[in-house]
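Below is one structure, written out as structure tokens; the observations come after it.
The values are calculated or read from the model by the stated rules, or taken from the named source; none is laboratory data. Just so we're clear, the structure is a prediction, and the values are computed from it rather than from any experiment. Quick reminder, even Gly has a Cβ in these numbers, built from the backbone with ideal geometry, and neighbours come from all protein chains shown.
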Amino acid sequence: MDGRQNTETRFQGLAVSPGSAAGRVCLFRQAVHEDIPEYRVSGEAKEQERERLRDAMTKVAERLESLKQTVRDRLGPAEAEIFSVQRMILEDPALADQFMAAIDEGRNAEIAVQRTLETYERRLLELESAYHSERAGDIGELKRRLLGELCETTSAFICASEPYCQRGRHRVVVTEELTPALALELDAEDVLGLVTDRGGVTSHAAILARALGIPAVSGIPHVHDLVACGTEVLVNGDTGEVVIWPSAATVERFQAKAPAVPRGPVPPVEALAVMANISLAEEADIARRHLAEGVGLYRTEMEFFAAARLLDEDEQADRYRHVLRAMDGLPATFRLLDLGGDKPSPLFDFPDEENPSLGLRGLRYLLTRPHLLATQARALARASQDGPVRVMYPMVTSLAQFRRARALFDEATAGMAAGRIEHGPMFEVPSAVLEAPALLAEADFASIGSNDLLQYLFVVDRNNEHVADDYCPDQPVFWQVLRDLVRAAAEAGRPLAICGEMAADPQYLGRLIDIGIETVSVSVRLIPGVRRAVGNSNQGRDTS
């Protein structure tokens, strides 16, 4: 079953889909086409190869359409479009012409497909961007499908015929690459999580994994060679950490921190409004299916990272409209581009800084690049005609800074037709907390970014294991800060929400409600668990 030494080993990957999972590995091996038949064809044999290829293309197109309809029925139209992309590529006449030209040169159908599509893959990967890498993934998936039809091979769980196979049990699926079809196929009660070699946060498959509520981590090279069927594993889709053969103490700590996540939507509860954190516009559709009471945090910079390029005003406005239409009048909070610090990107020009977390970050950076703020402001103003917009200002350090940014926003949108737009700071820096009454007097709403606020309040790097014990929301000083913010918001008559890890942690939800927090914003997948925890907490109070 697993002859490897059962020693706890930790790996750091890319957090693709939030949530936590603990279970045994089930290895899924993609169909490998290493020994593709290669032979020369001539005369009538060429037409036979063309017919084989046309037949394979028809079957793949039908399969993609079937997957599209299945996803549309189960998840919605936005996710269904994932399979339309591959079908559009497949049905491009130029691609078919290249396939047929290769056959005309005497190549068999398998080689025609392999060499043509691998050329496309290679060119896309040479562009070295996340966007083009994901599109190369679409080409690779299409290649696998066509070769699978031509070679009559399929992907499979490698231990399917063995008595120790985890299929049908609670399992963590490990594979080379997460594909949309695999993510869809794994929508079952027994699939706890996914770990893969490849596949980015913005890939089609990652979007599906989030829609299906399956925790996932990618970017762990050769992970399928590091484990075997039955290997015990822990997966943290929020941090990207994977632990193989965890010790009993590690498992205990993991289970204590991991919230239970119910399957399916849980109705809203009276004690607490639960909004959604999203990174891509399409996730707003998923949020509504989970009965989110609005979008409390839309990380708009993630749209730029997903596209691997700067988005113009029209493109931004289209994405923002998508969110507003999905929310259908519910609050939608758009955080202005939060760049720098732990989110560096070659798309934007940053100076070399010894300590980026204390440098040009958030609103500081935007104020040095007013054209970025102005373009986003105009896009938000245009989108606001489709629904009420809340504009959240990241990493505000002072009232004066907030005023400068508001003035730039107003200047950029002067004279534009716009709907209702509200403005509010995100409390993440102690200096802003000290000016909370003045900030709230001029704001329409506010949010607390608990992760950064805790980090800056105690001067502790939350990713540094040497000081991890100091990064703890239990500290009385932190709760005093939260109470002060709640009091200031109440006196100003402004709505206040909190987002961050503690907003979804059952051990803190009751305390947050007790100090007056009425709204939290959490990862979409965690909405049902938060509501369930609040409901259980209320029942406990009633019985006591």
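Of the residues Q455, Q475, which single one is assigned by TED's automatic domain parsing to the domain that holds R361 and under 17 Å from Y508 (Cα atoms)?
Within the list Q455, Q475, the selection yields Q475.
Which one is surrounded by the fewest Cβ atoms within 10 Å (Cβ to Cβ), of the residues in the stretch 406-440 that are of a type in the set (G, A, S), in contact with a helix residue (DSSP H, G or I) (Cβ under 8 Å, 6 or more places away or on another chain) and closer than 28 Å to F478 by Cβ?
Checking each candidate, the answer is A438.
When you check A468 against the structure, is it closer than 19 Å to F334 by Cβ and either at pLDDT 95 or above or small (G, A, S) (or both), yes or no?
no
What's the total number of residues in the stretch 377-404 that are more than 28 Å from the chain's Cα centre (by Cα) and either part of a helix (DSSP H, G or I) or without any contact (Cβ under 8 Å) to a residue 12 or more places away in the chain (or both)?
So the count comes out to 6.
Scan the stretch 295-318 for residues that are surrounded by 23 or more Cβ atoms within 10 Å (Cβ to Cβ) and more than 21 Å from D349 (Cα to Cα) and jot them down.
V295, G296, L297, Y298
Which number in (1) in a helix (DSSP H, G or I); (2) in contact with a helix residue (DSSP H, G or I) (Cβ under 8 Å, 6 or more places away or on another chain); (3) surrounded by 14 or more Cβ atoms within 10 Å (Cβ to Cβ) marks the one condition that D452 misses?
The failed condition is (2).
Can you tell me which residue in the stretch 514-534 is farthest from the chain's Cα centre (by Cα), limited to those that are over 20 Å from D452 (Cβ atoms), buried (at least 19 other Cβ atoms within 10 Å of the Cβ) and not small (G, A, S)?
V534
State yes or no: is A332 farther than 23 Å from M395 by Cα and crowded, with 21+ Cβ neighbours inside 10 Å?
no
How about the stretch 420-442: which of its residues are under 27 Å from R378 (Cβ atoms) and either among the acidic types (D, E) or outside the structural domain of Y320 (by TED's automatic domain parsing) (or both)?
Result: E422, E428, E442.
Return the total of residues in the stretch 358-376 being free of Cβ contacts under 8 Å to residues at least 24 places away in the same chain and closer than 20 Å to D452 by Cα.
Total meeting the criteria: 3.
Residues to consider are A317, A256, A284, A292; find the one that is closer than 30 Å to G516 by Cβ, at pLDDT 90 or above and part of a helix (DSSP H, G or I).
Exactly one of A317, A256, A284, A292 is closer than 30 Å to G516 by Cβ, at pLDDT 90 or above and part of a helix (DSSP H, G or I), namely A284.
Residue by residue, here is whether (1) over 16 Å from F334 (Cα atoms); (2) modelled with pLDDT of 85 or more; (3) of a type in the set (S, T, N, Q) holds:
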site: I244; (1), (2), (3): yes, yes, no
site: S247; (1), (2), (3): yes, yes, yes
site: R263; (1), (2), (3): yes, no, no
site: V269; (1), (2), (3): yes, yes, no
site: L280; (1), (2), (3): no, no, no
site: E301; (1), (2), (3): no, yes, no
site: F304; (1), (2), (3): no, no, no
site: A307; (1), (2), (3): yes, no, no
site: D312; (1), (2), (3): yes, yes, no
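Among the numbered criteria (1) touching a Leu at 6+ places or on another chain (Cβ under 9 Å); (2) among the hydroxyl-bearing types (S, T, Y); (3) over 16 Å from Y393 (Cβ atoms), which single criterion is violated by Y508?
Evaluating Y508 over (1) touching a Leu at 6+ places or on another chain (Cβ under 9 Å); (2) among the hydroxyl-bearing types (S, T, Y); (3) over 16 Å from Y393 (Cβ atoms) leaves (1) as the failure.
So if I check each of H371, H322, H290, which one is out of contact with any helix residue (DSSP H, G or I) (no Cβ under 8 Å at 6 or more places or on another chain) and assigned by TED's automatic domain parsing to the domain that holds M416?
H371
Here are R403, R494, R483, R511: which of them is surrounded by fewer than 23 Cβ atoms within 10 Å (Cβ to Cβ), of a type in the set (D, E, K, R) and under 21 Å from V295 (Cβ atoms)?
R494
Against the condition surrounded by fewer than 17 Cβ atoms within 10 Å (Cβ to Cβ), modelled with pLDDT of 70 or more and in contact with a helix residue (DSSP H, G or I) (Cβ under 7 Å, 6 or more places away or on another chain), how does L125 come out, does it pass?
yes
For the stretch 284-294, enumerate the residues that are out of contact with any strand residue (DSSP E or B) (no Cβ under 7 Å at 6 or more places or on another chain) and surrounded by 24 or more Cβ atoms within 10 Å (Cβ to Cβ).
Across the stretch 284-294, the qualifying residue is only I286.
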